[in-house]
Amino acid sequence: MQVGRLNHVGVAVPDIEAAKQTYANLYGATEATETRDFPHLGVRVAFVKLANSEIELLEPLGATSPVHKFLERNPKGGQHHLCFEVPDIIAARDDMRAKGATVLGTGEPYVGAHGVPVIFIHPKDSCGLLIELMQEPAR
Ligand SMILES: CC[C@H](C(=O)O)C(=O)SCCNC(=O)CCNC(=O)[C@H](O)C(C)(C)COP(=O)(O)OP(=O)(O)OC[C@H]1O[C@@H](n2cnc3c(N)ncnc32)[C@H](O)[C@@H]1OP(=O)(O)O
Ligand SMILES: [Co+2]
C-alpha cells in the first residue's frame with residue numbers, strides 16, 4: 001500500500017490562539033479554522049490552512065491527553081506527528097500490521113478531527129516519527 005497526500009503536520013502547542021497569530025504574522029498563513037475541543041480524543045484542535053496541506057495545532061485537554069506528556073517534554077511545543085491520507089483505512093491498518101508495525105490503541109480506526117477514521121503508527125516503526133493515517137476525505 002502506498003500512502004497518499006500529506007494531509008497535515010500535527011504541532012503540539014501550549015496556546016493555539018497564540019500559535020495561530022505566529023503562523024499569520026510570520027508566514028502569512030492567515031486562514032485558520034475555529035478552535036474546537038474533542039474531549040473524547042483529549043485534544044483541542046485548530047487547522048492553519050496552507051497551499052498544499054495544513055498545520056494541525058494541538059493543545060492537550062487534561063492530564064490523560066496523548067499530547068500532555070509530549071508538551072511536558074517540549075513545553076514550548078513541537079512537531080508531534082505527520083498525517084497521510086489513505087484510500088482505505090481498514091486495508092491500511094491491516095497492511096501496517098502485516099508489515100509488523102504497531103497500530104496504536106485498540107487498532108480500530110476512530111473518527112478524528114476531520115470527521116473521518118484515523119489510526120496511529122508507533123514512532124518506533126517510523127524512524128522516531130509518530131504517523132497518523134486517515135481515510136481520504138471525499139473531495
Ligand atoms: C485524532 C485527532 C487528531 C486528528 O488529526 O484528527 C489528532 O491528530 S490527535 C493527536 C494526538 N493523539 C495521538 O497522538 C494518539 C496516538 N498517540 C499515542 O498513542 C501516544 O502519544 C504515544 C504512544 C505515541 C506516546 O505515548 P506516551 O507519550 O504516553 O508514551 P511515552 O511518553 O512513554 O513515549 C513512548 C516513546 O515514544 C516517544 N514519543 C512519544 N510521543 C511521540 C511523538 N509525538 N513523536 C515521536 N516520538 C514520540 C517517546 O519519546 C518515547 O520514546 P522512548 O525512546 O521510548 O523514550
Ligand atoms: Co492529526
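Numbers below:
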read-out: DSSP beta bridges in the chain [antiparallel fraction, %, rounded to 5]; value: 70
read-out: Evaluated over the chain, the Cα radius of gyration and Dmax, each in Å; value: 14.8, 45
read-out: Area accessible to solvent at LYS99, 1.4 Å probe radius, in Å²; value: 130
read-out: Difference of contour (0.36 nm per residue) and Cα-Cα distance, ALA51 to THR106; value: 16.4 nm
read-out: Residues listed by number, region 1-33, amide nitrogen under 14 Å from ASP94 label point at 7 Å toward C-beta; value: 1
read-out: Selection of GluC sites (Glu not before Pro), region 1-43, meeting DSSP coil and at most 13 other Cβ within 10 Å; value: GLU31, GLU34
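The values are calculated or read from the model by the stated rules, or taken from the named source; none is laboratory data. The structure presented is a predicted model; accordingly, all values stated were derived computationally and were not measured. Neighbour counts are summed over all protein chains in view; Cβ atoms, including those assigned to glycine, are modelled from backbone coordinates with ideal geometry. Each accessible area value is taken on the protein alone, full model and side chains, heavy atoms only, with ligands, DNA and RNA left out. Shrake-Rupley method; radii C 1.70, N 1.55, O 1.52, S 1.80 Å.
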